[in-house]
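Any read-out appearing in this document is the output of simple, stated calculations on the displayed coordinates, not a laboratory observation. These figures come from a predicted structure and were not determined experimentally. Note that each Cβ is placed from the backbone with ideal geometry, even for glycine, and that neighbours are counted across all protein chains shown.
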């Protein structure tokens, strides 16, 4: 499938933003590892809201007519895209009330604020899970139609949020730095393992073939006439195929930039909190996630490709 830049920015930025906001609410409201100061909470909260907003807004650029984006909200009973939109709209006032309440109370955590923190975390998880399910519910694309997709979206969103929160604490030298960094290392390991399982799963020969699509399963099938060779929407959107050698090389790049390097740098930040390492960690993570998300779309094979001469999806 064609990897549109707008959708890559959407999934990377919104996943990192909501992942950061989930962790900020958790560590701030319940004082885990010494908790976060008011300044740390507000700084990380504003950063998370900015990333989430950039991601959600960029998703509209993939629409043929962005002015019709509001229609995505009226199918909540059947559409994960609608659910994502509704959960995101509900998330903002709750998160703003939580961070605004903390600021108004001077950092004092009341029962009401802790309730808002829990609701912020639940809605953040719901948004990221719904984003993953937008792709996982598509039975026409085998590489996406698996529970591994929303699981990986959640793990990578939380891991990237953990890296961002570690970066903020590396500058402020907050008491929760060691605990947040340890949590981030655990999330990076879990996300890396989840992605490895996903790559292994999509590599297995399965799914539709030209034989199963036509029903002729006793012998080889070859199309004498296929659909349009170029210029049509389906060719552009679903006909993209990356060279397999490039795919394998980019998978190694993903693990280097999104998992190994950030994990090493986070471990170093836990020891000395060097500011330069913090920036390098974020740049490596975002670059790795961009490549990972590019591969997520580039490796997808829609069954419509069988109509255009593909032997397997």
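Quick look at the numbers
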read-out: Theoretical gain in end-to-end length, residue 89 to residue 147 [0.36 nm per residue, Cα-Cα removed]; value: 18.4 nm
read-out: Full-extension gain in nm, residue 38 to residue 249, via 0.36 nm per residue minus C-alpha separation; value: 71.6 nm
read-out: Rounded, prolate or oblate (a/c below 1.5 giving rounded, otherwise prolate when a/b exceeds b/c) for the stretch 100-176 by Cα gyration tensor; value: oblate
read-out: Label-point separation in nm, residue 204 to residue 110, each point 7 Å along Cα→Cβ; value: 5.3
read-out: Spacing of the two label points (7 Å from each Cα toward its C-beta) at residue 78 and residue 103, in nm; value: 4.2
